[in-house]
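Down below is the structure, laid out as structure tokens.
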Amino acid sequence: MNGPPQWPSWPPPATDEQRRALLAVLDSGRWGATSGTATEEFAAAFAGHAGAAHGVCTVNGTVALFLALRALGVGPGDEVIVPAYTFAASATAVALAGADPVVADVTEDTLHLDPEAARALVGPRTKAVMAVHLAGAPADTEALRALGLPVVEDAAQAHGAARHGRPAGSLGDVACFSFQSSKAMTAGEGGIVVTGDRVLYERVWALHNVGRSPEGGWYDHPEVGWNLRMTEFQAALLHPQLGLLDGWLDRRARGAAVLAEALGGVPGLDLVPAPPGTTRHTWHLAMLRYDSGAFGGRPKEAFLAAMAAEGVPLDAGYRSLSRVPYVKPGAPCPVAEAAEESVVWVRQPMLMADGEAVAYIARAAEVVRRRFRA
Ligand SMILES: Cc1ncc(COP(=O)(O)O)c(C=O)c1O
């Protein structure tokens, strides 16, 4: 290979099936979910794939979480436990519902929500716990369920993931996925709530559809609700991706295996392991732990800049939510805060490159390491 690889772009080029589906919606003149059927059909298909009986498509993943929380009855005065190392939306959805996000620390090894740290924060106001399937590996939902609270799966990064053979989407009381541009299935924006609970489903449906009920009239709004519906165009783009997802996940798993092996030759740079029990990882991110001691004491920022100069654009990852002003300080979160200094990410499109290109990531890191130590 001469020079750095060309990294694949995401989303991949549109397929003929997507073009046909998109045009069919365009020509039908039924562009909204209240007149067409594409959104409902996609919701049912996606929910089935995620091991859930029901699905409601939404405008994005954040409001999917908001709807799930509201459907569970979460509102002002309540608290929801959220891991400190996650995307801000896991917490802002709680704030949107009028409740307080309370952050708990994550485990040293996997960076997923630590069930014991969560348990320590359960109090009379705690109404739910957010199980974030970080990077595409499911959280320890059995331990979180043992807290005795409703479990909301934040599966924004986990389309097709599984724990002990059970799909993300069927591991808690209700689950939410995102279809934003960077995600494994995307329509640019979009989201979905899935659940096996008929009552919760009907609550989510009403809340996302201006408080209507399936039997009621167009102007019957027995309760407060919002228009948070997905368009038919998004569903048309998304539905064909369900048939492609498995192939994409396999490709990323191969990329992650190549990366793991190649990193064996780079002291001080290791893959963050998935929680035990993960039977399918989506590799939305490959999180790497950077040990500056092995890199001549140089901070993570210097490593990221040097890697970018080698043609490997890595990501600095999250700031700990324990530092965010709207989050209620639960307890100190030393693990999530330390991760700010020591964790870097390889994003999913890079793992879809061919094996030689993926191995280049590790080779470039070793070049940088030797330079830093010289
Ligand atoms: C963990 C997590 N939760 C929630 C979201 C919110 O999804 P959206 O951007 O579709 O609102 C995202 C992605 O953006 C995410 O990564």
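Quick note: the coordinates plus some simple rules give every number you see, no bench work behind them. Please read these numbers as outputs of a predicted model, since none were measured by experiment. Reconstructed Cβ throughout: ideal geometry from the backbone, glycine too, with neighbour counts over all protein chains shown.
Does the range 1-134 come out rounded, prolate or oblate by the C-alpha gyration tensor, with a ≥ b ≥ c the root eigenvalues, rounded set by a/c under 1.5 and, if not, prolate when a/b is larger than b/c and oblate if not? Since a/c reaches 1.5 but b/c is at least a/b, the shape of the range 1-134 is classed as oblate. In terms of its alpha-carbon gyration tensor, the chain comes out oblate; a/c meets the 1.5 threshold, while b/c is at least as large as a/b. When the alpha carbon gyration tensor of the range 308-360 is reduced to an equivalent ellipsoid, the three semi-axes, largest first, read 32, 10, 9 Å. Of the trypsin sites (Lys or Arg not before Pro) in the range 294-348, the ones in a loop by DSSP (not H, G, I, E or B) with at most 16 other beta carbons within 10 Å are 319.
The separation of the range 123-179 from the range 27-41, counted between C-alpha centres, amounts to 30 Å.
Using a simple spin-label model with pseudo-atoms 7 Å out from Cα toward Cβ, residue 182 and residue 291 lie 2.7 nm apart. Take every DSSP beta bridge whose two residues both sit in the chain, then give the antiparallel share in percent to the nearest 5. Counting DSSP beta bridges with both partners in the chain, the antiparallel share is about 60 percent.
Which Cα, out of 39, 211, 161, lies furthest along the positive dipole direction of the chain (beta carbon charges, K/R +1, D/E -1)? Sorting the options by dipole projection puts first 161. Ordering 221, 281 from the fewest to the most neighbouring beta carbons within 10 Å gives 221, 281. Between residue 40 and residue 338, the modelled labels are 5.3 nm apart [label points 7 Å from Cα along Cα→Cβ]. Each Cα pair under 8 Å and six or more residues apart adds its sequence gap; the mean of these over the residue count of the chain is a relative contact order of 21 percent.
With a cut-off of 18 Å on the backbone N, the residues of the range 22-52 near the modelled label site 7 Å out from residue 218 along Cα-Cβ are 29-37.
When chymotrypsin sites (Phe, Trp or Tyr not before Pro) are flagged only if DSSP places them in a loop and at most 12 other Cβ atoms lie within 10 Å, the longest unflagged stretch of the chain comes out as 1-217.
Taking 0.36 nm per residue of sequence separation and removing the Cα-Cα distance, the residue 226/residue 319 pair yields an extension gain of 30.4 nm.
Working note: Karplus 6.51/-1.76/1.60 with θ = phi - 60° gives the range 330-346 the couplings x, 9, x, 10, x, 5, 5, 5, 5, 4, 4, 8, 10, 10, 10, 10, 9 Hz, where Gly and Pro are set to x. On full extension, the segment bounded by residue 166 and residue 17 gains 50.7 nm, given 0.36 nm per residue less the C-alpha separation.
Dividing the mean sequence gap of close Cα pairs (under 8 Å, 6+ apart) by how many residues the range 245-373 holds gives a relative contact order of 37 percent.
Reachable lysines from residue 183, Cα under 27 Å, same-chain residues fewer than 8 places away excluded? Partners within reach: 300.
Could you calculate the FRET efficiency of residue 31 with residue 261 from 1/(1 + (r/R0)^6), where r is the beta carbon distance between them and R0 is 51 Å, rounded to 0.05?
Details: r = 48 Å, r/R0 = 0.94.
The value I calculate is 0.60.
Subtracting the Cα-Cα distance of residue 244 and residue 108 from 0.36 nm times their residue separation leaves 45.6 nm of extension gain. Within the same chain, aspartates and glutamates fewer than 8 places from residue 127 are excluded, and of the rest, those with a Cα less than 19 Å from its Cα are 78, 79, 100, 105, 114, 116, 140, 142, 153, 154, 173, 197.
Projecting the Cα atoms of 311, 365, 297 onto the charge dipole of the range 245-373 (Cβ charges, centred on the Cα centre) puts 297 farthest toward the positive pole. A crude spin-label estimate for the pair residue 356 and residue 53, with each label 7 Å from Cα along the Cβ direction, gives 5.3 nm. Once a ≥ b ≥ c are taken as the square roots of the eigenvalues of the Cα gyration tensor of the range 245-373, is the result rounded (a/c under 1.5), prolate (a/b larger than b/c) or oblate (a/b not larger than b/c)? Judged from the Cα gyration tensor, the range 245-373 comes out oblate (a/c at least 1.5, b/c at or above a/b).
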